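Structure first, commentary second.
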Amino acid sequence: MALLAMATEDDAALIQRTGLGDRDAFEELYRRFARPVLGMAIRQLGDNGRAEDATQETFTAIWRSARSYKPERGSASAWLYAVARHAIIDRARQRVEPAAEAPDEASRDIGPDEHAELSWLAWRVHSALQRLPERERAVLELAYWSGLSQSEIASYLDVPLGTVKTRTRAGLARLAGLLEEVRR
Amino acid sequence: MSERRPADLNELVGDGIPEAELAELRRVDALLRTVPAPPELPDNLSAPVREAPRPARLWTPRRALAAVAFAAVLSALFFGLGTRVGGDGFSERYAVPMQGTFEAPAASAVIRLGDPDADGNRPVRLEATGLEPLPDGGYYVLWLEKDDEYAGTCGTFAVAEGETRAEWTVSYNLADYDAWVVSARVPGDEAADAPRILEAEISF
């Protein structure tokens, strides 16, 4: 809980500093949220080029509107999610043309409510991952999404197998704290 | 993403973990198996743009001078030549819906365009809802955008409550522009760029 609270406060402080023109705070927000934004944009738009445009537009929007963020109205993560969603919707409306790639097929098999819930969940998980130490984040991403076995990860990272397991355990535990709100 | 499924949690973290901690790890493990992989950032997104683009400043001295000159021309047209701006005789040719930006997601507007007269002056009516009243001295600006930059002022307006209607005449060839934009100017904030409140693409 303490970790989650700290993460929320930190994001809020970064947005507020960005609103005052603090470039470093903006870049830290970018480091934390660029991948979650891009992931959401790819899922919504189904086209990498447009998703990249939407990601740039999202951060342009954050830079412009950070001054309007009011912590008492909601969490920083929810505010950033809303800004990203608006930018992606705007991008989706701008042109109607065939997508270069098919959108996430899984997203077509579920209803809008479930899609929204999965989108929010992915946002929280991806942004929480960005808060992990790099060595823990790397092993988790390799373990869950690369298809590599633990031994292959150890070989790939050139660390002992025991270290991979230790980092995986530590990363999962840290994520548990960051995702407290999601688990409910 | 690989087709190969991740190993079981026990294999990922090893043995000898207390059950209470393992239960917590299982919940996170389940979440990670539910969501798709986060994408890698391509090189062009490895960092935010060096200078995050903001809307072009509206009132540089040169533009302000141009706006004053433009307003003078409009005044001459309005009062001197008796154009059909305002009144009940508005003859609508096109209607363009405007969307509120993230600055004002609840705001919306419609731009109604009449036919240009023989001199090329076209009546423009803006009907907006959901805009917040600005502090004393503040005003909204309707302008045209080209290549993501300010390109021409259509007029300014203020907002009280409810729906707002404003009318002007413009002589621009709209096909030369990319978008309609409404931005807000707040007194005492002259150094800041005006936030975009409403937007609509121009398409012919």
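Exposure proxy for B:TYR140, B:TYR177, B:TYR94: other Cβ atoms within 10 Å of each Cβ, ordered fewest to most, give B:TYR94, B:TYR177, B:TYR140. Remark: spin-label model distance B:TYR139-B:ASP15 equals 8.0 nm, labels positioned 7 Å along the Cα→Cβ axis.
Apply the a/c threshold of 1.5 to the C-alpha gyration tensor of the stretch B:81-187 and tell me whether it is rounded, prolate or oblate. Judged from the Cα gyration tensor, the stretch B:81-187 comes out prolate (a/c at least 1.5, a/b above b/c). Rounded, prolate or oblate: which fits the stretch B:130-182 when a ≥ b ≥ c are the square roots of the eigenvalues of the alpha-carbon gyration tensor, with rounded for a/c under 1.5 and prolate only if a/b beats b/c? Prolate shape, in that a/c is at least 1.5 and a/b is the bigger ratio. Going by a ≥ b ≥ c, the root eigenvalues of the Cα gyration tensor, does the stretch A:117-184 fall in the rounded group (a/c under 1.5), the prolate group (a/b larger than b/c) or the oblate group? Since a/c reaches 1.5 and a/b is larger than b/c, the shape of the stretch A:117-184 is classed as prolate. Placing dummy labels 7 Å off each Cα toward the beta-carbon, the span from B:ASN173 to A:ALA92 is 3.7 nm. An ellipsoid equivalent to the stretch B:1-44, defined through the eigenvalues of its Cα gyration tensor, has semi-axes of 27, 12, 10 Å when rounded to whole angstrom and sorted largest first. Size descriptors for the stretch A:1-90 (Cα atoms only): Rg and Dmax, in that order, 12.7, 38 Å. Length gained on full extension, A:ARG23 to A:GLU72: 15.3 nm, using 0.36 nm per residue less the C-alpha separation. The ranking of B:THR156, A:THR168, B:THR101, A:THR55 from fewest to most other beta carbons within 10 Å of each one's beta carbon is B:THR156, B:THR101, A:THR168, A:THR55. Per-residue Cβ neighbour counts within 10 Å put A:ILE153, B:ILE17 in the sequence B:ILE17, A:ILE153, beginning with the fewest.
Bear in mind that the values in this text are calculations on the coordinates, not laboratory data. Quick caveat: nothing in here was measured; it's all calculated off a predicted structure. Please note: Cβ atoms are built from the backbone with ideal geometry, for glycine as well, and neighbour counts cover all protein chains shown.
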